[in-house]
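The values are calculated or read from the model by the stated rules, or taken from the named source; none is laboratory data. Note that this is a predicted model, so its numbers are computed, not measured. Positions of Cβ are generated from backbone atoms using ideal geometry, with glycine treated the same way; all protein chains shown enter the neighbour counts.
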Amino acid sequence: MDLKLLNKTQDKLTFIIKDTDSVFVNTLRRTIVSDVPSTAIKKVTFVKNSSALFDEIIAHRLGLIPLSTDLSYNFTENCTCKGAGCAKCQATLTLKAEGPITVYASDLKSTDTKVKHVYGKMPIVKLLKGQELEFEAVAGLGKGIDHAKFSPAHVFYKGYPKISLDKIKNPEDVVKSCPVDVFELQGKQVKIKNLEACHLCMACVDAADPHESVAVEGSEKDFIFTIESWGKLSCQEILSKALEILDEKLDDFSGLLNKA
């Protein structure tokens with residue numbers, strides 16, 4: 001198996017995995033989405049809420065606010081506090097506001113500087129004159145398999161594109177049909193300028209005259225893998241943690257096989 005980095009930014013990582021199969025890449029994808037832990041608000045206790053929104057709606061919005069994650073935290077159920085909640089497994093965020101004002105994620109005050117909002121301009125609620133909002137929220141680690149708010153990233157992959165071009169009677173139509181500008185026109189010839197951008201939509205095949213003059217397929221052994229982080233963890237942290245979890249699961253499985 002070989003890896004090749006295609007693109008890396010703060011919140012997005014794209015790379016090629018060569019000489020593997022869809023079973024492995026999909027297992028990696030599912031591990032990231034379901035098993036890599038991240039921090040989210042679990043419980044909200046309201047002191048005052050005279051806004052236009054019910055407590056449940058505000059609590060739901062709070063749960064979906066991306067919070068930076070400290071993986072040194074314990075899961076509450078596995079902590080030495082035995083689920084009671086302590087500084088080793090949870091952080092407390094508080095908010096107190098009075099209208100007229102728009103309350104944003106940046107207004108949340110955390111007891112731990114490592115657990116705070118990722119996007120400060122996410123609105124929570126708009127308070128009119130005389131309306132008040134005050135609450136205390138508890139945040140901790142969780143997994144996407146238990147609730148989507150704990151999933152750290154959007155993850156997807158595709159087979160590495162393979163495109164073959166033959167005698168095309170309408171090259172201009174084929175070039176224009178591609179929504180991601182894979183092709184360019186050189187004279188009257190269609191040329192591939194950005195193969196890795198192809199997402200196998202087959203628009204070029206449909207536009208080609210005859211259809212057989214353009215063939216597109218995704219590789220079954222080489223894949224383009226993309227991680228788009230919500231900002232809770234960096235893409236590198238997400239990938240490293242996923243591989244660690246996957247390795248642990250394989251060790252556990254191997255151990256069970258040896259006992260059988």
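For the stretch 20-46, the set of residues classified as within 12 Å of Leu246 (Cα to Cα), under 12 Å from the mean Cα position of the chain (by Cα) and either not polar (S, T, N, Q) or not in a helix (DSSP H, G or I) (or both) consists of Arg29, Arg30, Ile32, Val36, listed by residue number. Going through the stretch 105-115 one residue at a time, which ones are surrounded by fewer than 17 Cβ atoms within 10 Å (Cβ to Cβ) and part of a strand (DSSP E or B)? Hit for the stretch 105-115 is Lys109, nothing else. Taking the criterion of being at pLDDT 95 or above, among the β-branched types (Val, Ile, Thr) and surrounded by fewer than 15 Cβ atoms within 10 Å (Cβ to Cβ), the residues of the stretch 44-82 that qualify are Thr45, Val47, Ile57. Do you know which of the residues in the stretch 129-146 that are in a loop (DSSP other than H, G, I, E, B) and within 16 Å of Thr69 (Cα to Cα) is farthest from the chain's Cα centre (by Cα)? Ranking the qualifying residues of the stretch 129-146, first place goes to Lys143. Taking the stretch 169-260 and the helices (runs of 4 or more DSSP H) fully enclosed by it, the elements with 3 or more residues that are under 26 Å from the mean Cα position of the chain (by Cα) and surrounded by 15 or more Cβ atoms within 10 Å (Cβ to Cβ) are at 235-259.
Matching residues to (1) assigned to a loop (DSSP other than H, G, I, E, B); (2) of a type in the set (Asp, Glu); (3) under 19 Å from Val44 (Cβ atoms):
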| site | (1), (2), (3) |
| --- | --- |
| Arg61 | no, no, yes |
| Leu71 | yes, no, no |
| Asn74 | yes, no, no |
| Thr80 | yes, no, no |
| Ala84 | yes, no, yes |
| Leu93 | no, no, yes |
| Lys96 | no, no, yes |
| Val103 | no, no, yes |
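Applying a threshold of 7 Å to beta carbon distances and a minimum spacing of six or more residues, or different chains, the list of pairs starting in the stretch 42-58 at a residue that is under 24 Å from Cys89 (Cα atoms) and ending at one that is part of a helix (DSSP H, G or I) and not small (Gly, Ala, Ser) reads Val44/Leu62; Phe46/Asp55.
Yes or no: the stretch 68-80 includes at least one residue that is touching a helix residue (DSSP H, G or I) at 6+ places or on another chain (Cβ under 6 Å) and in the same structural domain as Ala97 (by TED's automatic domain parsing). First the steps, then the outcome.
Taking the stretch 68-80 first, the residues touching a helix residue (DSSP H, G or I) at 6+ places or on another chain (Cβ under 6 Å) are none.
No; the residues of the stretch 68-80 include none that is touching a helix residue (DSSP H, G or I) at 6+ places or on another chain (Cβ under 6 Å) and in the same structural domain as Ala97 (by TED's automatic domain parsing).
Apart from one condition, Ala197 fits all of (1) closer than 18 Å to Lys12 by Cα; (2) touching a residue at least 40 places away in the same chain (Cβ under 8 Å); the exception is (2).
Checking the stretch 128-146 against the condition returns no match, with no residue being of a type in the set (Val, Ile, Thr) and at pLDDT below 95.
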